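One structure is given below, encoded as structure tokens.
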Amino acid sequence: MSGSNEVKYGQPTAPTSGATSTRKPVTVPEIRARKGGVPLTMITAYDATFARMLDEAGTDILLVGDSLGMVVQGNPDTLGVSVDDVVYHCRAVASGTRYAHVVGDMPFLSYQVTPEDALRNAGRVIAQGRAHAVKLEGGSAIADTIARVVAAGIPVMGHVGLTPQAVHAMGGFKVQGRDAEAAARIVDDARVVAEAGAYAVVLEGIPGELATRITAALDVPTIGIGAGVGCDGQVLVCYDLLGMTANLRPRFVKRYDEGFERVVAAARAFGADVRARVFPGDEHTFGAGKGG
């Protein structure tokens with residue numbers, strides 16, 4: 001092995017895409033200005049490595065979702081995620097991001113008890129997690145809380161429709177707004193959340209026609225997941241997008257790769273090389289001499 005014997009880990013390199021150098025950080029005003037324009041892209045991220053890859057790909061928004069409770073921690077829902085968890089993962093994602101707008105999910109019961117709790121916890125996600133904004137699930141019931149957080153200078157993204165933190169009340173991860181009464185309630189929730197100061201609203205798990213109607217009614221962008229093509233942007237969990245789960249294939253997810261199979265194949269190849277003693281080879285081994 002030529003060069004120094006020093007082992008170097010985690011050192012940043014120049015962007016691989018020439019177009020990246022002309023990019024500017026994505027801001028709240030830019031996101032608001034994209035209403036009705038070029039659709040926004042949002043992908044979840046939970047660590048610096050994934051954040052850097054997704055940022056390099058030109059993703060507009062990186063969401064540090066409380067979905068980490070399921071895809072990272074292996075839990076059946078998002079309810080066990082803490083503010084400490086979100087702060088930790090936000091800080092990691094922020095470290096790997098140059099341009100994307102970073103949003104931290106506010107976990108279950110971190111904002112529903114009092115507006116003061118919400119403001120304190122949102123402040124931690126911004127100050128300690130280095131996120132640019134927070135996301136709160138819920139509609140009319142949390143409008144005052146959204147207004148309080150926004151008044152403190154913390155941007156808030158809303159989230160209505162299927163709200164995973166209310167999974168038990170909803171009887172599972174089920175499509176919402178299929179009857180007229182439920183649809184009207186979601187329309188009202190989205191309107192109230194926007195009026196309270198949210199700069200964008202996630203619409204999850206609702207019929208496409210309803211999402212299109214809400215999008216037309218709001219002055220702020222909507223970002224859909226399982227809500228059809230009529231929104232101002234789309235979001236997917238990175239593990240879903242990359243096919244990192246063996247059997248979970250929700251209807252609303254398009255798998256752009258089969259990462260689970262790729263990782264299994266790579267790990268098997270590594271195991272075979274180790275057992276055959278062909279790894280490490282000379283090119284992977286440090287010599288005794290200086291610079292060897």
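Key figures for this structure:
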quantity: Filter pass, GLY172 being of a type in the set (Gly, Ala, Ser) and surrounded by 15 or more Cβ atoms within 10 Å (Cβ to Cβ); calculated: no
quantity: Positions within the stretch 147-169 being at pLDDT 95 or above and either farther than 22 Å from THR78 by Cα or loosely packed, with under 15 Cβ neighbours inside 10 Å (or both), in sequence order; calculated: ALA147, ARG148, VAL149, VAL150, ALA151, ALA152, GLY153, ILE154, PRO155
quantity: Qualifying residue in the stretch 258-271 (condition: closer than 30 Å to VAL103 by Cα, free of Cβ contacts under 8 Å to residues at least 60 places away in the same chain, small (Gly, Ala, Ser) and in a loop (DSSP other than H, G, I, E, B)); calculated: no
quantity: Identity of the residue in the stretch 242-284, surrounded by 10 or more Cβ atoms within 10 Å (Cβ to Cβ) and among the β-branched types (Val, Ile, Thr), that ends up modelled with the lowest pLDDT; calculated: THR245
quantity: Total residues in the stretch 106-127, condition under 14 Å from SER82 (Cα atoms) and in a loop (DSSP other than H, G, I, E, B); calculated: 7
quantity: Residue in the stretch 130-146 that is farthest from ARG191 (Cα to Cα), counting only those that are surrounded by 17 or more Cβ atoms within 10 Å (Cβ to Cβ) and charged (D, E, K, R); calculated: ARG130
quantity: Any hit, the stretch 218-239, residues being farther than 28 Å from ASN75 by Cβ, free of Cβ contacts under 8 Å to residues at least 40 places away in the same chain, under 23 Å from the mean Cα position of the chain (by Cα) and exposed (fewer than 11 other Cβ atoms within 10 Å of the Cβ); calculated: yes
quantity: Counted residues, the stretch 70-100 - those being without any contact (Cβ under 8 Å) to a residue 24 or more places away in the chain and either crowded, with 16+ Cβ neighbours inside 10 Å or part of a helix (DSSP H, G or I) (or both); calculated: 3
quantity: Every residue from the stretch 177-203 that is buried (at least 23 other Cβ atoms within 10 Å of the Cβ) and not aliphatic (A, V, I, L, M); calculated: GLY177, ASP189
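Okay, residues lined up against (1) under 23 Å from ALA51 (Cα atoms); (2) assigned to a loop (DSSP other than H, G, I, E, B); (3) not polar (S, T, N, Q):
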residue	(1), (2), (3)
ALA182	no, no, yes
VAL187	no, no, yes
VAL193	no, no, yes
ARG213	no, no, yes
GLY228	no, yes, yes
THR245	yes, yes, no
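The values are calculated or read from the model by the stated rules, or taken from the named source; none is laboratory data. Please read all numbers here as calculations on a predicted model, not as lab measurements. Backbone-built Cβ (ideal geometry, glycine too); neighbour counts: all protein chains shown.
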